[in-house]
Amino acid sequence: MFKNIDAVLFDLDGTLIDSAPDLGAAADKMRTDRGLEALPMSQYRTLAGAGARGMIAVAFGLTPDDARFDALKEEFFVNYESRLTVHTAEFEGVAELIARIDQAGLKWGVVTNKAARFTVPLTQAMPLFNTAGAIVSGDTTPHAKPHPAPLLEAARQLNLAPRRCVYVGDDERDIIAGRAAGMPTVVAAYGYLGQAADPQGWKADFTITSPFELLKLLNFPQMA
């Protein structure tokens, strides 16, 4: 269990919210607009954590090295902007987790690689984020995760030493960034990439398979 913790920082997609349906739909519209067959959402879900890069890879089998990638990426962004919260919702148990964190008097925030272009309207549209003390996007600092700069910026916004913050994420880059920032780290193995690699090899302090398991790590009393 963690001791002397004053805040919990979370990755966004795949940790707090399930945005795969809207990310996948934005990419699949690009296919159907070109007369191509729609793909099952399950194919998009596996790479939802990789954002535009992952969605374009599924939809068209292209990588960022392809000359067509940048134009497709901007088209994807426009599609996604129009449907940020159509089907996006917090994972089961997340709302209750945040409520318990608030009740305990801990601070909390979000550190994501999603650009502010999407993070700001999305978090403003979802009541879940009303009590967040920090929202750090992928372009808030000069570096995105796995660089520690975004996590250090979140700690600064919360006026806390990094060691007093726990970082929870579902990707190896989250754990790398957290460790580099001097924060205890937790793998959210229920997220998009929990099954994709070997989270045990990421050297996080703990791994959880549901949001509620974080309560025990924070030494919160068990719910009735």
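At a glance:
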read-out	value
Fully extended contour minus Cα-Cα distance, from V86 to D205, at 0.36 nm per residue	39.4 nm
The chain: most fluctuating residue of T131, T46, T185 per GNM, C-alpha cutoff 10 Å	T131
Set of lysines near K216 by C-alpha distance (under 18 Å), chain-local residues within fewer than 8 positions excluded	K3, K107
About the Cα centre, charge dipole magnitude for the stretch 63-194 (Lys/Arg +1, Asp/Glu -1 at Cβ), debye	560 debye
Check: the chain dipole with +1 on Lys, Arg Cβ and -1 on Asp, Glu Cβ, in debye	540 debye
Lys/Arg +1, Asp/Glu -1 at C-beta; the chain dipole; positive extreme among S137, A104, F212	A104
R0 of 22 Å, Cβ-Cβ distance R163-H143: FRET efficiency to nearest 0.05	0.60
From the coordinates shown, Cα Rg over 2.2 N^0.38 Å corresponds to which of (i) 1.01; (ii) 1.05; (iii) 0.91	(i)
Residue-averaged [θ]222 nm for the chain, counting only DSSP H segments that reach four residues, each worth -39500 (n - 2.57)	-11000 deg cm²/dmol
Ordering of 59-68, 140-149, 103-112 by packing [mean C-beta count within 10 Å, highest first]	103-112, 140-149, 59-68
Leading residue at positive end of dipole, the chain (Cβ point charges), from V78, T119, V168	V168
Top positive-direction residue, dipole computed over the chain with Cβ charges, set L23, A189, T46	A189
Among beta bridges that DSSP assigns inside the chain, antiparallel share in %, nearest 5	10 percent
Distance between the stretch 51-66 and the stretch 170-194 - C-alpha centres, whole angstrom	23 Å
Cβ-derived FRET efficiency at R0 30 Å, F77 paired with N219, nearest 0.05	0.15
Förster radius 22 Å - calculated FRET efficiency between R34 and D70, Cβ distance, rounded to 0.05	0.80
Contour minus Cα-Cα distance for K3 and A116 (0.36 nm per residue)	37.5 nm
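Read-outs: derived from the displayed coordinates by stated rules, not from any lab. The structure displayed is predicted, hence computed values, not measured ones. Reconstructed Cβ throughout: ideal geometry from the backbone, glycine too, with neighbour counts over all protein chains shown.
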